[in-house]
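See structure below.
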Amino acid sequence: MMEWIARRQNKLRSATLAAALALAGGLLTGVGAQGAGSTLYVNIGSASCSDSGSGTQAQPFCHIQAAATQATAGQTVSVTAGTYNEDVSPAASGTSSAPITYTAAAGVKVTGGIEGFALSSRSWITIHGFTVTTTTGPGIYTNGGSNLTIDGNHVTKAGSPNPGQTAAGIQLVGTTNSLISNNLTDYNTDPGIYLSTGSTGNDVNHNVSAFNAEQWQRNAQGINDIASGNTIRFNLTHDNEDSGIQMYPGGDNTLVTANVSYNNGDHGIDDLDVTGGRVIGNTVYHNCTSGINVEGTSGSYLVENNISVDNAVYPAYKGIACSRRAGNIGIYDSAPASTIADYNLVWLTAGSPMYVWNDTSYDSTASLNSATGQEAHGLTAPPGFVSSAGYNLHLVEGSPAIDSANSGASGEQTRDLDGKPRIDDPTVPNSGAGPRTYDDRGAYEFQPATDTQAPTVPQNVRAVANSGTSVTVSWSASTDNVGVAGYDVYRGGSKVGQVGASFLSYTDTTVQPNTAYSYTVDAFDAAGNHSAQSAAASVTTPGGSDTQPPTVPQNVTANATSPTTVTVAWSASTDNVGVTGYDVYRGGTKVGQVNGSTLTYTDPTVQPSTTYSYTVDAFDAAGNHSAQSSAASVTTPAPANLRFDQAGSVATPNTATSTTIAFTSPVASGDLLVGWFAQYSAAGQVRVSDSVNGVWTRAPGNLDFGGSGDIALYYLAGSKAAPGGLTITVSAATGTFLQAAAADYSGAGALDRISMASGNSTQASSGSTAAVPAGELVFAGLQTGASPGSATAGNGFTLRTITGSAEAAAEDLFPSAAGAQTGIFNLPSPADWYAVVATFKGSGSADTQPPTAPTNVRATAASPTSATVTWSASTDNVGVTGYDVYRGGAKVAQVAGSTLTYGDTGLQPNTTYSYTVDAFDAAGNHSAQSAAATVTTPAGSDTQPPTVPQNVTATASSPTSVTVGWSASTDNVGVTGYDVYRGGAKVAQVAGSTLTYTDTGLQPNTTYSYTVDAFDAAGNHSAQSAAATVTTPAGGTHRFVQAGSVATPNTSTTATIGFGRPVAAGDLLVGWFAQYDAAGQVRVSDNINGAWTRAPGNLTFGGSGDIALYYLPNSKAAATLTITVSAGSGTFLQAAAAEYSGVRTLDQIHMQSGVSATASSGATGSVPAGEVVFAGLQTGASPGSVGAGPGYTLRTVTGGAEAAAEDQLAGPAGPQTGTFNLPSSCDWYAVVATFK
């Protein structure tokens, strides 16, 4: 990537110079670019096009670059459909008041160049609507400049999947204050969107970034940020080879909020060696490793309001193992010390751990909170997604995430990823915090349904047994006032399945032979209303041909054949038909399977000095399993080669920023280097590295010298060989006293347990670790603050090194006895001391001989997209455990030692691949890779995509459904189907003969955008169609019911408004309320519903009192109702309130104050037509009368016009402003609010 950037910068400098000369030439000849008019046209398909012309509609340019050379501030470059094989490098910048816009009609494709667009030091340019594909570098690349807008583009297939040739979809280098929005970046060979060095202050929002992959190594993200101060929000990232969203060194102070990240090959959101980040309100699901990951030197992080589910519990992602960082949320290394996590929801449907903090695993947020104080408001509960399997991660009614977030979290958004406002679900008690106690956790805000009518009950339910293990249930369709969304199927009262509205049957394959079952079905709609369950249909499955399991295996034994292998053996089971095989379990988890004639299994994945328990079951061809056997336990031995090699210590006599310890004896490959290091008073951490390996690993936990400095254990497991020894460097950020004691060991590796403590006495004790097995290395370190002069080792320990005045020392004990371990040092007199003890497992057996390299490697193309690799068996002094298969130098698979073939799928047609294979044994020794075998896949039979669907329309068929239609595409072989996208995200797939799709479960009074693509049987997809937009109608009739107002003549703590007419269930109550000069907020409640919801924002009477809008979105039914307005102490109270039917969701609000004869609320954001617009007035001078604004109806006003309310029952589309006309100038306080 860096080589490519260097080449790109050279090219951009040349292009910039050429463009500057071209512009200079134009000026010298007196021909300015403005002469072409405000719009320059490009149409490669026009017979009259000319790159030397003026770019008019009559004579357009043939190429975009021709227009880009002439375009100046304020002009638009309009590109007509066609394929443009070129690089586009704009010659000029726009200005803040006159940007340059490049816009594409549907069907424009820029392809084949180094980049589609390359902007060097350009500003105020917009690139909109282009498909950029098959470039050798990034599809859209910027170097320098600011205030760019890259919007609505599809950038795909940038770079090639080879070392040094990968490229991002959209890449910014040194570009600031720019907007990257509404783009689709997919199938690129580096990140879909890449914010590179110096690109700060950018807003990346509403993009979809998916299926990006380098392919030869795991390194392509959906969005990658290595620059500071950016905002990444409202994006959808999924199915990327590496993390969905990544902040790497340089990406400090980034806000990542309201994104959805799922099914990525590493983390959902990854933060490494970055500080000051905020991860707020995201939904993270089903990623290969820890869902939200903060590690390395990262710190000062805030992680709040996220939903993270089912991450890091799956074995592999597209052949890449997931056994790396664990947990739905993982806070590692130095990050825990300054990270705050709260209000997150985590859940696992299988596996563990739920959460990792400071390298300790927790199975719930409650246990994490008990141990660390973090996640005081965290939840461990199923999230309530609409469909996990379909990746519809919206919330359903009843989700614990609803109304439970902290709206005061820094970076929390007022709208969700769909653009929906925060809304109070009246069926859920508010348990959140902040100015709104009803924000939902995660990226989506649940929108309560206004439809309360359930579908009819399904009729004619039948259940038919297809076999002993299969039953099909069928029924007649239900009806609903809006539309049936689907059906739930129940067996014996428990739900076993769910199908969409177009399906009237369900096949249950979880039944048993010769068993009676009872089924019922209910119907539900998009609002979540369920019908009653149907009458029951009963069925009895026929008897199966074999239901008898084998007998339980007997005489199970487990023997440790080395420190890292265990062989399990058992006696044969019997079966009425025959034993097919055996499953072997370790600690209850299956680790192996063998055939029925094999009665042993060797487990090569164990650790030295560790106790394991094994059981075995038997199974037959019918899938019947016996019970598991009695358990056999075994403890693996310690490695035979655990050995102390050398040690050293240092204490600087004066302040310094660094000091060293020299290990002069050879350091063997694989050795463990470990030490206890201190800096006395500098800011930040003590740092440790060496001259051969670089930076060491910092262990969890630290101490300090009475509140200053830093004391920590660092280690380096698996050192590189250093025949001449190595030098350890200890450093701090500023001059301070440095102390250290370190040692070198052979045969030790993984850190197991650690404990540390401080005190002032003659005996320094580290405190006890948790219990460890026998045979581990026990290392103890000492730091003192008073130079006691000497120190001796604790009982059983050997003192390995000590400084001259005992400022630092180290001792060890090995092999350990089983149990807790404590390090002790004896001092000659009381002194302040800081002690640590750490245990390390053995690094493996004494086997260092690798297998022989595989021979006779061959690769054969099995199809245009697959190849088969075969080889001859290797040999080993102990035994071959398995083989690794490499494609182009990158490992793609691992197979067992008995397997000599591998089938590689997902390849590209007509492409050459190179394969090698190595062999490895149980000790981890790998042979050299084999000689390479090459193969070229045959050309695919069909590489031509269908044409783009035309005439796409979107029609609102109800307030909650939209029907999308289009004209048929054509294809050289045949159209297989169509994908339908809403807002860039796929929502459906239909067959090639279907030209409509009805999208249900939408929100009333909301605008949506749809596109369609076509695909064929070979998987070729057309470009997406031009977008069709639609606004759903308001969900019901809006009706004003009643209103009232009050102004107290004297100071009081309460006042009331009576609604004398009946209040219907579900009605909206809303008002504008004021208290003049009491401390605290004005408060509002009623005698039927209790406390009302306070809307965002407030005003005051010149700095005192409180004026706010309150509302109750879903009132209970009441014959009459009394509203109570109150304050904390006596004051003047004023209020105006109203009741409406048919609305309840707050959409937009705006308020302001002034002194004049016209009171104006100021304008809201734009809203669709049909919303109820409520406006309220408070005055401070009793003007005596008030008139409604244009288009409004005055509903209530107090006698002196202290308070009033007006409305429009069906406001026009656009911003809304409430105005009141007063008889004379006075101080006023006005609000306008719109409701769906």
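Karplus-based coupling profile of segment 122-137, in residue order and whole Hz: 10, 9, 6, 10, 10, 10, 9, x, 8, 9, 10, 8, 6, 9, 7, x, with θ = phi - 60° in 6.51 cos²θ - 1.76 cosθ + 1.60 and x standing for Gly or Pro. Protection proxy ranking for 426-434, 174-182, 220-228, using the average of other Cβ atoms within 10 Å per residue and placing the highest first: 220-228, 174-182, 426-434. Which part of segment 463-480 falls in the paramagnetic zone of T456, meaning amide N under 17 Å from the point 7 Å along Cα-to-beta-carbon? Only 475-480 pass the distance filter. Here r is the Cβ-Cβ distance between N466 and T551 and R0 is 22 Å; the resulting FRET efficiency, rounded to 0.05, is 0.10. In order along segment 549-555, phi translates into HN-Hα couplings of x, x, 6, 6, x, 10, 6 Hz, rounded to whole numbers, per the Karplus curve 6.51 cos²θ - 1.76 cosθ + 1.60 with θ = phi - 60° and x for Gly and Pro.
Compute, for the chain, the length of the dipole vector about the Cα centre, with Cβ point charges of +1 (Lys, Arg) and -1 (Asp, Glu) only. Units Debye, rounded to 20. Numbers along the way, then the final one.
On the way: 43 positive and 84 negative charges, 201 e Å.
I would put it at about 960 debye.
Axis of helix 2-28 versus longest Cα principal axis of the chain: the two differ by about 40°, to the nearest ten degrees. Which of the lysines could be linked to K590 by a straight reach, that is with a Cα gap under 28 Å, when you skip same-chain ones fewer than 8 residues away? Qualifying lysines at Cα under 28 Å: K318, K841, K891. A simple packing score, the average count of other Cβ atoms within 10 Å per residue, orders the peptides 979-987, 132-140 as 132-140, 979-987, with the highest score first.
Please say if segment 956-1078 is rounded, prolate or oblate, where rounded means a/c under 1.5 for a ≥ b ≥ c the square roots of the C-alpha gyration tensor eigenvalues, and otherwise the choice is prolate for a/b larger than b/c and oblate otherwise?
Since a/c reaches 1.5 and a/b is larger than b/c, the shape of segment 956-1078 is classed as prolate.
Just add up the charged neighbours of P383: K/R +1, D/E -1, any other residue whose Cβ is under 12 Å from the Cβ of P383.
Values: positive: R441; negative: D310, D440.
Around P383, the surrounding residues sum to -1.
For V594 and A985, compute 0.36 nm times the residue count separating them, minus their Cα-Cα distance, and round to one decimal in nm.
Numbers: separation 391, 0.36 × 391 = 140.76 nm, distance 4.43 nm.
Here the answer is 136.3 nm.
Oblate is the label for segment 646-842, because a/c, from the alpha-carbon gyration tensor with a ≥ b ≥ c as root eigenvalues, is 1.5 or above and a/b does not exceed b/c.
Summing -39500 (n - 2.57) over the DSSP H runs of n ≥ 4 in the chain and dividing by its residue number, what mean residue ellipticity at 222 nm do you reach, to the nearest 500 deg cm²/dmol? Provide the component values of the computation, followed by the final result.
Numbers: 3 runs with 42 residues, N = 1236.
Rounded to the nearest 500, it is -1000 deg cm²/dmol.
Can you give the charge dipole size of segment 1039-1235 about its Cα centre, rounded to the nearest 20 debye, using +1 on the beta carbon of Lys and Arg and -1 on the beta carbon of Asp and Glu?
300 debye
First check a/c for segment 221-261, with a ≥ b ≥ c the square roots of the eigenvalues of its C-alpha gyration tensor; if it is under 1.5, answer rounded, and if not, answer prolate when a/b is larger than b/c or oblate otherwise. Taking the square roots of the gyration eigenvalues as a ≥ b ≥ c, segment 221-261 is oblate.
Bear in mind that the values in this text are calculations on the coordinates, not laboratory data. Just so it is clear, the structure is predicted and the values come from calculations on it, not from any experiment. No Cβ is skipped: glycine too gets one built from the backbone with ideal geometry, and neighbour counts run over all protein chains shown.
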